[in-house]
1. Residues being free of Cβ contacts under 8 Å to residues at least 60 places away in the same chain and crowded, with 20+ Cβ neighbours inside 10 Å: count how many of those fall in region 252-265.
2. In region 571-605, what residues are touching a strand residue (DSSP E or B) at 6+ places or on another chain (Cβ under 9 Å) and at pLDDT below 65?
3. Which residue is surrounded by the most Cβ atoms within 10 Å (Cβ to Cβ), if the candidates are limited to region 357-381 and must be outside any strand (DSSP E or B) and in contact with a strand residue (DSSP E or B) (Cβ under 6 Å, 6 or more places away or on another chain)?
4. Can you tell me which residue in region 150-177 is farthest from the chain's Cα centre (by Cα), limited to those that are surrounded by fewer than 17 Cβ atoms within 10 Å (Cβ to Cβ) and either in contact (Cβ under 8 Å) with a residue 40 or more places away in the chain or over 23 Å from residue 115 (Cα atoms) (or both)?
5. In contact with a helix residue (DSSP H, G or I) (Cβ under 9 Å, 6 or more places away or on another chain) and either loosely packed, with under 13 Cβ neighbours inside 10 Å or farther than 22 Å from residue 509 by Cα (or both): is that true of residue 85 in this structure?
6. Just the residues that are part of a loop (DSSP other than H, G, I, E, B), touching a strand residue (DSSP E or B) at 6+ places or on another chain (Cβ under 7 Å) and closer than 19 Å to residue 294 by Cα, please, taken from region 45-76.
7. When region 178-187 is examined, which residues are found to be in contact with a strand residue (DSSP E or B) (Cβ under 8 Å, 6 or more places away or on another chain) and either free of Cβ contacts under 8 Å to residues at least 24 places away in the same chain or part of a loop (DSSP other than H, G, I, E, B) (or both)?
8. Being surrounded by fewer than 23 Cβ atoms within 10 Å (Cβ to Cβ), in contact (Cβ under 8 Å) with a residue 24 or more places away in the chain and assigned to a strand (DSSP E or B) is the filter here; which residues of region 382-439 pass it?
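The values are calculated or read from the model by the stated rules, or taken from the named source; none is laboratory data. Keep in mind the model is a prediction, meaning the values are calculated, not measured. Please note: Cβ atoms are built from the backbone with ideal geometry, for glycine as well, and neighbour counts cover all protein chains shown.
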């Protein structure tokens, strides 16, 4: 009996201290799993909040009525990047953090992730991908670094963090402890090696984490290119989530050597008719995916994808035709990669105005609709079933100079001012008029444009000059005013509801919605929270340095809704680079109640779970009851 008592006592201690350790380690996982239909906003687990890429957190604890009472609770700084052989790593972070189960994950621009308790800021783990890009390029010549290490977003799925990498791989990290694994064709370089019909280079994975088709156990991602004359034959690809095996590819252009009839097979599936000889001989040109979160419809099994501008961006000498499927929105069968439809927003693009950032899926009544903003400054609403245009919106604040106002261009034009080789104005400029995510919420579409022009000088695209974009920015003969404008438009009609002006600065990073507000970070150093129905300022805070991202809105371990704001870390175009920090703001009474309907299951693919701050007391009660039972049995046996 003495031996049994010691055993029971040991079991009690293991249960109590084990539960306490788990609760402390993962930040006391407060959040119940939520289905998207009944989500209450505990976590921000995808780059654009959810699998529909809406950037809308439906929490109602932190609202326009109490946000004025938020305060800073903790902050952390990003270290200066260490040397990485073969590249010059960028500073700070270009990505909104994701928050899951009381843990916040910060990606930074040198292939590193930091995990902290969201409540206290205590560090849990960090992971830096060990890579020598010089060796990678020697081993895999299809990879040519460009802004390597840049991370614009992570993804979470079923207990793992998915991290895209510069060597065409994806690191899959255990969300609790950060241990990595690499699966099949998602391991180093395999995605970009021996690609049929490719004669160019890839810069690595898309800059955002992959998306997931849960019913098909699929991971879907794509390849990035530089936009220069070295760009390769980009594609979207589906992989088995369990093994990492490549299951399908959808190519965005014909194979090297050219195929005059390659695009003809897609006739009738899009708004721009294919033409024979599109892309010419497909050498010295290329296209990739547009970085950003893609929407996945689990009901129909369709993934909605944005693509980059054709390369080289400003010279089409080697790419006649509309250049399908560049600067486009695509609907693909998530199981097979079959093209359902396409919508090209800038045909034969000569301005570098691709369709990066998020592709959101929403509804107008019972009709599923794809909402997309592209670098040309326009926002589109497309029927999700067939790609038919429902409406498009051209912001009045955006100037158009040497950029077509419609999607159709002269398919044989070689550069914007051909035959002149003099410097010229391009408006919108080389980063476009929309350089950030849109948000779909409250029956509206919210986005930010900026009015800015670049002064460009045409440059050679000789095959030997792989670094050429076809033009380069040169000193301007006069100063151009930069202005940002926040727009709210009716999701059903595309009619403008309100605007909010931010003078004298461009914009980068986009907008999110939550608590009857829309949030953005501004280059003027302020975070703005605007009332979603009127555009009036509900909250404003100055950080003293330009902001290139909106905050992440999610709950900490105790259910307190918090704002996780990345500060600094912008590239040269936006600001003098600084290492960057994250500031966490919260209002102590803005808590999501801990109760939730029992039928709710985890939107991220896991099972229903009790929050740790409830689970620990429950476990303690169970242990005490077991202990009393053991003691009672002992007394009975003695009698």
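1. Here the count works out to 3.
2. Taking region 571-605 as the starting set, the residues that turn out to be touching a strand residue (DSSP E or B) at 6+ places or on another chain (Cβ under 9 Å) are 578-592, 604-605.
The answer is 578, 579, 604, 605.
3. If we filter region 357-381 for residues that are outside any strand (DSSP E or B), which is where we start, we get 357-358, 365-366, 374-378.
Still in the list and also in contact with a strand residue (DSSP E or B) (Cβ under 6 Å, 6 or more places away or on another chain): 357-358, 377-378.
Numbers: 357: 30, 358: 32, 377: 25, 378: 22.
Step by step, filter region 357-381, then rank; the result is 358.
4. Just the residues of region 150-177 that are surrounded by fewer than 17 Cβ atoms within 10 Å (Cβ to Cβ), to begin with: 158-159, 174, 177.
Cutting the leftovers down to either in contact (Cβ under 8 Å) with a residue 40 or more places away in the chain or over 23 Å from residue 115 (Cα atoms) (or both) gives us 158-159, 177.
Details: 158: 18, 159: 19, 177: 23 Å.
Out of the qualifying residues, it is 177.
5. Values: in contact with a helix residue (DSSP H, G or I) (Cβ under 9 Å, 6 or more places away or on another chain): yes; either loosely packed, with under 13 Cβ neighbours inside 10 Å or farther than 22 Å from residue 509 by Cα (or both): yes.
Yes.
6. Going through region 45-76, the residues part of a loop (DSSP other than H, G, I, E, B) turn out to be 45, 47-48, 50-55, 58-66, 70.
Adding the requirement that they be touching a strand residue (DSSP E or B) at 6+ places or on another chain (Cβ under 7 Å) leaves 45, 47-48, 51-55, 59, 61-62, 64, 66, 70.
Correct list: 45, 47, 48, 51, 52, 53, 54, 55.
7. Of all residues in region 178-187, those in contact with a strand residue (DSSP E or B) (Cβ under 8 Å, 6 or more places away or on another chain) come to 178-186.
Those that are in contact with a strand residue (DSSP E or B) (Cβ under 8 Å, 6 or more places away or on another chain) and either free of Cβ contacts under 8 Å to residues at least 24 places away in the same chain or part of a loop (DSSP other than H, G, I, E, B) (or both): 178, 179, 181, 182, 183.
8. 389, 390, 391, 392, 393, 401, 424, 425, 427, listed by residue number.
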